[in-house]
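Have a look at the structure below before the remarks.
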Amino acid sequence: MKTISKDSSVKPGRRARTAVVAVAAAVLSAASLLTAAPAMAAAPTAIKLTSASCPTEILQGQSSGCVTELQNLLNAHGAGLTVDGSFGAATLYAVRVYQSSVAIAVDGRVGPGTKVKLYATGGSAPSPITLTSAACPTEILQGNKSGCVTELQQLLRHFGYDVGVDGEFGAGTLAAVKSFQSANGLTADGRVGPDTKSELYNTDESGSTALDLRSAACPTTITEDQSGGCVLTLQALLNGQGQHVAVDGQFGAETFVAVQAFQTAHGLEPDGDVGPATKAALYANISGGGGNGAPSPINLTSASCPNEIIKGQKSGCVTELQSLLNHHGADLAVDGDFGALTDSAVRDFQAEAGLTVDGRVGPGTKSALYGVVTPPATTPSGGGYARMLEVAEAEVGTVQGSARANSYGSAVGMSKSTNKYAWCATFVSWVAKQTGATTFNDTYVSGWVNKARAGQRHLSVTTDPQPGDIVAYDWNGGSDFTGGEEHIGIVRTVSGGSSFTAVEGNTKDDNGNGPYAVYIRHRTTASFYDVVFIRVR
């Protein structure tokens, strides 16, 4: 299995311009031998690449308004092409240079992944600057133009907002910022200060399937030809309901047909438009809560929980209970609803713990449930890598905000609840600490990657991943692991080729369903994100 990396020496603008100059020179030389050459026809009118009017893949030899749009986008990235709507050798070379520069498959074929990148990465915008760095002001405001605004716009696009990436904080960016703030419980003043920056970077797990279609982050009606995070969520939800569409963020013909099939199956008008009724139906069976998700977990010993938690109750106390039971080997849906399966799991736990088997979660059962939550003492560093997977797998089902999940952070010096930050790297740090595989811990994915690349603290990069290795993902490409769109987990199985599974914290299931928790995810190196495997030895 091959690790995807970016050659930082690539100079896409320079290489593309050189190639185009060479091609142009050859064309002019040939033209000088001809007489009375006909005037060049105007390029076809540009057509957005993600629209239904453009083919799924735009290839060499095609001529159309889609190619005109492609050439304009490539020129925004420094290609210097003649915009004629004809996909010739110079355009092919420019496509390949661009694909190399953003670390995606260099095949010269302009498919969904390349289209998304072209629109998401902008072109002539200033280079992005991390919002929390000293180079960015404390508050980024309307009217600003800088790499800080480029970074802001790219982050907003990650959350599904359809803003241009030009580095200019205009009216469209302002509206997106206010909508993002409102959707995340912040003051919707359009001022990008510390709290808004923090929330924008709370994206270790891809924000795409984390977007709720019913939130202000998504349009009231999602229609064909739209793209972005809301469409990614829609596609994941459709697949969770038995459809089979590519989760690529492009609302094309395939997704349209799947929406119609879903609507027909649920007694809705099959118009292919995803409005409030279709959204409600998509969420109807998620988390068992009528689409509202599980209540936030509450510590069972707090004053907010009753002395005895019993069958029939529904609350955050039950969410916490189910998470704890899963840690002890149950396999419950964490929905905050104390039903028959939860009752059975409680009784099984009570029997194993030597308690009265009555299904009532009183002080004794609560104490026993929390009895092994305190992280064990760490073993000496080095040599514990063989247990990495064993320890990680035992945590599957642990829910964000639960006492168990919060113990990951406290064990490595993080006092905040996992409700307040992206915690996938904290989970990996916790696993490493329990096994003594390495003394290193970091709550940022970039820290793990940088140490591995430097060969420090028993860490190194490997291209031959094995169960128990660490896997890091860079969702926005480039393999530089900056920008806040990263994720990390523990390799569980490797099936050959590009496919593998991993145990990951701060994620949802493969269909984008369920609460944020520790799950086993199916992943691939042949996708829109970049992957680095880390060996702990």
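The values are calculated or read from the model by the stated rules, or taken from the named source; none is laboratory data. Computed from a predicted model, the values in this text were never measured in an experiment. Cβ sites come from the backbone with ideal geometry, for glycine too, and all protein chains shown count toward neighbours. Side chains are part of the model used for accessible areas, which takes the heavy atoms of the whole protein and leaves out ligands, DNA and RNA. Shrake-Rupley method; radii C 1.70, N 1.55, O 1.52, S 1.80 Å.
For this structure, a couple of remarks:
- A Förster radius of 60 Å combined with the Cβ-Cβ distance from R537 to V357 puts the calculated FRET efficiency at roughly 0.85.
- By accessible area with a 1.4 Å probe, ligands and nucleic acids excluded, highest first: order of L341, L325: L341, L325
- Here the calculated FRET efficiency for A52 and A134, from their Cβ-Cβ distance with R0 = 51 Å, stands at 0.65, rounded to the nearest 0.05.
- Accessible surface ranking that places the most exposed of R453, R521, R535 first, with a 1.4 angstrom probe: R453, R535, R521
- The 1.4 Å probe gives accessible areas that order T501, T356, largest first, as T356, T501.
- Once the Cβ-Cβ distance of T187 and E254 is raised to the sixth power relative to R0 = 41 Å, the FRET efficiency obtained is 0.55.
- Computed over region 388-537, the P(r) curve from all C-alpha pair distances, binned at 5 Å from the origin, holds 2, 11, 21, 25, 23, 14, 4, 1, 0 percent per bin.
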